[in-house]
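Working notes, structure below.
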Amino acid sequence: MKRWLHSPQARALGLAILLLALLAGSAWGLQQGRSPGESFLPELEIHFIDVGQGDATLIVGPEFTILVDAGRHDRNDVVPYLRSVGVEKIDLLVGTHPHSDHIGQFPQVLAAFPVVDVWLSGDVHTSRIFERTLDAILASEAGYHEPRAGEVYTLGQLRIEVIHPQQVTGDFNNGSIVLRLVYGDVKVLLTGDAEAPAEHEMIARGHDLSADILHVGHHGSSTSTSLEFLEAVNPKAAVYSAGKDNPYGHPHAEVIERLHRRGVKIYGTDLHGTIRVTTDGKSFEITTERMPQGSPILDAAAWLEGCAPGQIDINRASLEELVQIVHIGASRAEELIAKRPFTSLDDLLRITGIGQGRLGDIKKQGLACVEPV
Ligand SMILES: [Zn+2]
């Protein structure tokens, strides 16, 4: 290799390498010149694992792994998923509250991986799965803690803020451990099954709740994600974890509507499968197992009456606006204007040439909406 460097080609190669190094050096210099808050961090990934009607959120950083909740007691999908993405050890295992759709596979996880620390809320359930979870913690080498609002931890460059609970009361959902993860400029709020009373307490205590990504409380139930909480968090994207056709009707339309009206991009494990967020501490990207390009729910408008910012109200829009809607050209736009008012997007079937297929495309595009007249 050394001898090679003396040949003319090698000198040219050496020069190229030197040049590359200089270029890289200048790029590095630029980064160094940024203020600390602006520099990029090693990649952090958050996996909202599709575990059906339950929760399991994996956070993988450059030198740490956290699992918040571990799926349902009647499934076995968490350990296989963790193995599939190369997890070998868990630094922090959190059970937000003692319901079986959150701590369901704690025994399997604790048996499969070395776990450094376990956090539980402190509420005690009489269920068999809760007993088995405690036994598994005792049988492991893991440390144990019941975190309380106001505590702050760091793992590598990740800051973990405990937002809730201040104390537990036996109301399992409202005693959920709520964590705000801060990685550079990117913030994620994980709320377990906390409901409106807990949300109100968090606001009243004056926590900074702002987050780019909100893991929507209680699987998208209307008992959570109150308007005041949503305003305090002000997320860009929201993720709910719910099973397809679950018996509770999660996520509830009111929650989807609240998020949609604020222009929040919505992702759900029932529709998207496992949802993965990748961040360098500066910006984030969301990719999903199902649905192309990790696209959020675009047809949320179809759930709703009324319009979100940026949508086109078919009862009021101009012809120029209407033609931005898929399958609406100038002549259909004229017909649409003549046939107003419309009571719903389905009512667009009155337009010549709009059948169920084209109506479906319009809903999927997510641009058209209807405000009652
Ligand atoms: Zn739950």
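Values in this text are rule-based calculations from the coordinates and carry no lab data. Quantities reported herein were computed from a predicted structural model and do not represent experimental measurements. Cβ coordinates were reconstructed from backbone atoms using ideal geometry, including for glycine residues, and neighbour counts include every protein chain displayed.
For the chain, what number of Lys pairs, 8 or more residues apart or on separate chains, have alpha-carbon atoms under 16 Å from each other?
So the count of such lysine pairs works out to 7.
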Within the chain, the percent of DSSP beta bridges that are antiparallel, given to the nearest 5, stands at 60
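By per-residue mean of other Cβ atoms within 10 Å, what is the highest-first order of 329-336, 92-99, 365-372?
On the way: 329-336: 15.5, 92-99: 25.5, 365-372: 19.2.
Packing proxy ranking, top to bottom: 92-99, 365-372, 329-336.
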Rounded to the nearest 500, the 222 nm mean residue ellipticity computed for the chain from DSSP H runs (n ≥ 4, each -39500 (n - 2.57)) alone is -8000 deg cm²/dmol
Looks like the chain, by Cα gyration tensor root eigenvalues a ≥ b ≥ c and the a/c under 1.5 rounded cutoff (else prolate when a/b is bigger than b/c, oblate otherwise), is oblate
Distance in nm between VAL326 and LEU227 label points, each 7 Å along Cα→Cβ, equals 3.2
